[in-house]
1. Of all residues in region 44-64, which are open to solvent by less than 50 Å² (accessible area, probe 1.4 Å), out of contact with any Ser or Thr (no Cβ under 7 Å at 6 or more places or on another chain) and in contact (Cβ under 8 Å) with a residue 40 or more places away in the chain?
2. Out of all the residues in region 69-83, is one or more in contact (Cβ under 8 Å) with a residue 12 or more places away in the chain, open to solvent by less than 40 Å² (accessible area, probe 1.4 Å) and part of a loop (DSSP other than H, G, I, E, B)?
3. Which number in (1) crowded, with 16+ Cβ neighbours inside 10 Å; (2) out of contact with any Cys (no Cβ under 8 Å at 6 or more places or on another chain); (3) not basic (Lys, Arg) marks the one condition that Gly95 misses?
4. Return the total of residues in region 98-119 being of a type outside the set (Ser, Thr, Tyr), surrounded by 14 or more Cβ atoms within 10 Å (Cβ to Cβ) and assigned to a helix (DSSP H, G or I).
5. Given (1) in a loop (DSSP other than H, G, I, E, B); (2) surrounded by fewer than 16 Cβ atoms within 10 Å (Cβ to Cβ); (3) under 18 Å from the mean Cα position of the chain (by Cα); (4) touching a residue at least 12 places away in the same chain (Cβ under 8 Å), identify the lone condition not met by Thr32.
6. So, Arg56, is that one within 29 Å of Ser102 (Cα to Cα), basic (Lys, Arg) and part of a helix (DSSP H, G or I) or not?
7. Quick one: which residue in Pro89, Pro16 is out of contact with any Lys or Arg (no Cβ under 6 Å at 6 or more places or on another chain), within 21 Å of Val114 (Cβ to Cβ), modelled with pLDDT of 95 or more and surrounded by fewer than 15 Cβ atoms within 10 Å (Cβ to Cβ)?
Amino acid sequence: MKKLNTICINCPMGCPLEIYEEEGKVVVKGYTCKRGLDYGVSEFTRPVRVVTTLVRTADGKVASVKTSAPVPKDKIFDVLERMRSIVVPADCKIGDVAEKNSLGLSADIVVTGVPAPPV
């Protein structure tokens, strides 16, 4: 029997979850709110994560980016590889979309931080 023990990351409670399948249904134990139940089912059936990293800017600096939506956990390294090839404009701003619908995963790559201007 496949069994998963994990911690819910959807709220500050951090509930310890025990997740397994019984008679074709996913059973989640240990949650204290609906978000924990939903997280447990998702984590057991198809885990997803938001991916964050740094990309180059056109002037050789770096900017932070993330996916606009969680992507399947088994696609994280594909997304990181794609992000590695992205170069954003030197004048990019937080919220700019560096790439729409990256790898067809329904998640854009969005700028979340830009280099600080010189003092």
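The values are calculated or read from the model by the stated rules, or taken from the named source; none is laboratory data. It should be emphasised that the depicted structure is a prediction, and the values quoted were computed from it without experimental measurement. Don't worry about glycine lacking a Cβ; one is built from the backbone with ideal geometry, like all the others, and counts go over all protein chains shown. Heads up: the accessible areas ignore ligands, DNA and RNA and are worked out on the full protein's heavy atoms, side chains in. Shrake-Rupley method; radii C 1.70, N 1.55, O 1.52, S 1.80 Å.
1. Within region 44-64, Phe44, Val55, Thr57 qualify.
2. Of all residues in region 69-83, those in contact (Cβ under 8 Å) with a residue 12 or more places away in the chain come to 69-73, 75-76, 78-80, 82-83.
Imposing the further condition that a residue be open to solvent by less than 40 Å² (accessible area, probe 1.4 Å) reduces the set to 69, 71-72, 76, 79, 83.
Those still in the list that are part of a loop (DSSP other than H, G, I, E, B) too: 69.
Looking for residues that are in contact (Cβ under 8 Å) with a residue 12 or more places away in the chain, open to solvent by less than 40 Å² (accessible area, probe 1.4 Å) and part of a loop (DSSP other than H, G, I, E, B), one finds at least one in region 69-83, hence yes.
3. Answer for Gly95: the failing condition is (1).
4. 1
5. (3)
6. Values: within 29 Å of Ser102 (Cα to Cα): yes; basic (Lys, Arg): yes; part of a helix (DSSP H, G or I): no.
It is false that Arg56 is within 29 Å of Ser102 (Cα to Cα), basic (Lys, Arg) and part of a helix (DSSP H, G or I).
7. Details: Pro16 fails: within 21 Å of Val114 (Cβ to Cβ).
Residue meeting the stated conditions: Pro89.
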